[in-house]
Amino acid sequence: MALRPIPEDAPNPAVRRKIVAVASGKGGVGKTWFSISLSQALGNKGHRTLLFDGDLGLANVDIQLGLMPKQDLAGVIAGKLTLPQAVTNYSEGQFDILAGRSGAGNLAMLPVQRLVTLRDNLMRLAEKYDRVILDLSAGVDRTVQTLAAAAGTTLVVTTDEPTSLTDAYAFIKLTIADHPDADLRVVVNMADSSNSGRETYETLRKACYNFLSKEIPLAGVIRSDNRVRESIRRQTALLTRHPTSDAAQDIDAIAARLQREI
Ligand SMILES: Nc1ncnc2c1ncn2[C@@H]1O[C@H](COP(=O)(O)OP(=O)(O)O)[C@@H](O)[C@H]1O
Ligand SMILES: [Mg+2]
């Protein structure tokens, strides 16, 4: 499965370094919640941040935040809006959003060339930001691969469940088959404790090292926290509602580390 090559007139590598993809093998691991929270943590630290809802058919960035954006990616795909015109400022979280729309069709339905154009326009838009976070759909399909090619770093989210770990491993394996030098890092979400999260990471790290000869660093562990579910139910961002909760602290630590390391 070859990644779509970045075109020759693509923005310089400094732009790619700004773009962080959030991926997973399995769905339901907290990717969208994590992408939102990471964007807010970066925004709070004063970084101009854009969150791209790349899971278009199941768009739920706007749902988790209780937003009804006037413009979204569906308008871009329909040819009614340019990508910059589709940006919504989410002032409460201090970041911008390129929202999807649930049921509006899927990015996977787009012809490859249009998907590549969308990605390249996103890279151009990224020049205006310090960070762009891509919330991708689960798995390693063509859409995920094409969009992930824009990112300098991909965070692979997993939980401690064997199915999630196996799928994270498969994602890593498939990605490095085409891109041995890809900067992949692991986020363990919904961990019972910071220690057990590190053990989960260690299991995945060893598998990648032993079978793929690839060292995958840890981006961070996020503890399971009932306030995550509660804030999603209330359609309010965790970092707004419970800024000192365990999960919010873990997100802050990941944001700080990312800023130091990439
Ligand atoms: N750290 C956490 N602690 C507790 N529950 C969490 C945590 N992270 C995510 N969740 C739960 O997981 C559910 C799925 O999250 P979501 O972001 O929609 O996952 P994905 O985008 O990977 O499908 C959320 O609705 C929330 O209830
Ligand atoms: Mg999601």
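Any read-out appearing in this document is the output of simple, stated calculations on the displayed coordinates, not a laboratory observation. The structure displayed is predicted, hence computed values, not measured ones. Neighbour counts run over all protein chains shown; Cβ positions are idealised from the backbone, glycine included.
Please work out how many pairs of lysine residues in the chain are eight or more positions apart (or on different chains) and have Cα atoms closer than 30 angstrom.
Here the count comes out as 27.
In deg cm²/dmol and to the nearest 500, what is the mean residue ellipticity at 222 nm of the chain if only DSSP H runs of at least 4 residues count, each as -39500 (n - 2.57), divided by the residue total? Each step should come with its number before you reach the end.
Details: 11 runs with 116 residues, N = 262.
Calculated from helices alone, the mean residue ellipticity at 222 nm is -13000 deg cm²/dmol.
Rounded to whole Hz and in sequence order, give me ³J(HN,Hα) for the stretch 206-217 from the Karplus expression 6.51 cos²θ - 1.76 cosθ + 1.60, θ = phi - 60°, writing x for Gly and Pro.
Rounded to whole hertz, the list is 5, 4, 5, 5, 6, 9, 10, 6, 10, 8, 10, x.
Can you work out the base-10 log of I(q)/I(0) for the stretch 19-261 at q = 0.08, 0.09, 0.17 1/Å, using the Debye formula on its C-alpha atoms alone?
For the stretch 19-261, the Cα-only Debye profile gives -0.27, -0.34, -1.30.
Between Lys26 and residues 5 or more places away or on another chain, which pairs have amide H atoms under 5 Å apart, with H built 1.01 Å from N, and which residues are they?
Gly139, Ala168
Using amide H atoms built in the peptide plane, which far-off residues or other-chain residues are under 5 Å from Val187 H to H?
When sequence neighbours closer than 5 places are left aside, the close amide H contacts are Val156, Val157, Thr158, Ala219.
Under a Cβ-Cβ cut-off of 14 Å, what is the net charge of the residues other than Arg48 that fall near it, where Lys and Arg count +1 and Asp and Glu count -1? Walk me through the numbers before you get to the answer.
Values: positive: Lys18, Lys45, Lys128, Arg131; negative: Asp96, Glu127, Asp130.
Counting the neighbours of Arg48, the net charge comes to +1.
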